[in-house]
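No value in this document is a laboratory result; all are computed from the given coordinates. As the structure is a prediction and not an experimental result, all values here were calculated from the model. Positions of Cβ are backbone-derived with ideal geometry, glycine not excepted, and every protein chain shown enters the neighbour counts.
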Amino acid sequence: MKDIEKIIQENRPIFDSFEPDDGHLERFEQKLARFNKKQHSFSFGLLLKAAAIAILVVISGLWVYDRINPTIETRTGLALHQLSPEYNEVEIYYATLASQKLNEISSLEFVDSTQKTILLNELKQMDAVYENLKRDLKKNPSDERVINAMIQHYQMKVDIMNQILNQLHQVKALNQQKSDNYESTEI
């Protein structure tokens, strides 16, 4: 910066010898007036840009909210009982049967509590598959394939729970037999 000042001071007579063209001050004042006017006025283009950005932010926020926190109706989908009275009866029958089997499995005592936890988690995962089927049914309410898949899912779940119960009862009977044999050999 000091070099520029030094150059200007040394060449001051040369700089002072030239005069600006006629009308230079007027043109300079006009440019200055336009510059000041632009600073203080609101431009319509700027307002449109700000509105577009605000709309994009709001729409993006709503989209993210919808993906993160879907409504209950969207989460659960469409159930069989909402289609017809016949499907209502089928759903009630299998849901009641599955609930009874689950209560029976939960009431049984396991040798290892982690086995019981794993088994109950597996049954919950089967429920997650059913929730996916309900969402598919909501998208295609007249699709017989989805309806049949839901009914087959209930049947399969009840069959699996029956097999689990049979195996647990067999294990319990074997343990009881071993316990009885052990007690009879002690005497």
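Once every DSSP H run of n ≥ 4 in the chain is given -39500 (n - 2.57) and the sum is divided by its residues, what mean residue ellipticity at 222 nm do you get, rounded to the nearest 500 deg cm²/dmol?
It lands at -28500 deg cm²/dmol.
Relative contact order of the chain, please, whole-number percent, based on alpha carbon pairs below 8 angstrom and at least 6 residues apart.
23 percent
Using +1 at the C-beta of Lys and Arg and -1 at the C-beta of Asp and Glu, which of Gln177, Ile105, Val58 has the Cα lying farthest in the positive direction of the dipole of the chain?
Val58
When ranked by the protection proxy of mean other Cβ atoms within 10 Å per residue, highest first, what sequence do the peptides 135-146, 57-68 form?
135-146, 57-68
Of [x] 17.8; [y] 16.3; [z] 25.3, which is the value of Kirkwood radius over Cα pairs in Å derived from the coordinates here?
[z]
What is the magnitude of the charge dipole of the chain about its Cα centre, with +1 placed on the Cβ of each Lys and Arg, -1 on the Cβ of each Asp and Glu, and no other charges, expressed in debye to the nearest 20?
For the chain, the charge dipole is close to 520 debye.
Identify which of Leu123, Leu80, Leu174 has the largest mean-square fluctuation in a Gaussian network model of the chain, with springs joining Cα atoms closer than 10 Å.
Leu174
Taking H as built 1.01 Å from N, whose amide H comes closer than 5 Å to the amide H of Leu78, not counting residues under 5 places away?
The list, which skips near neighbours in sequence, is Arg135, Leu137, Lys138.
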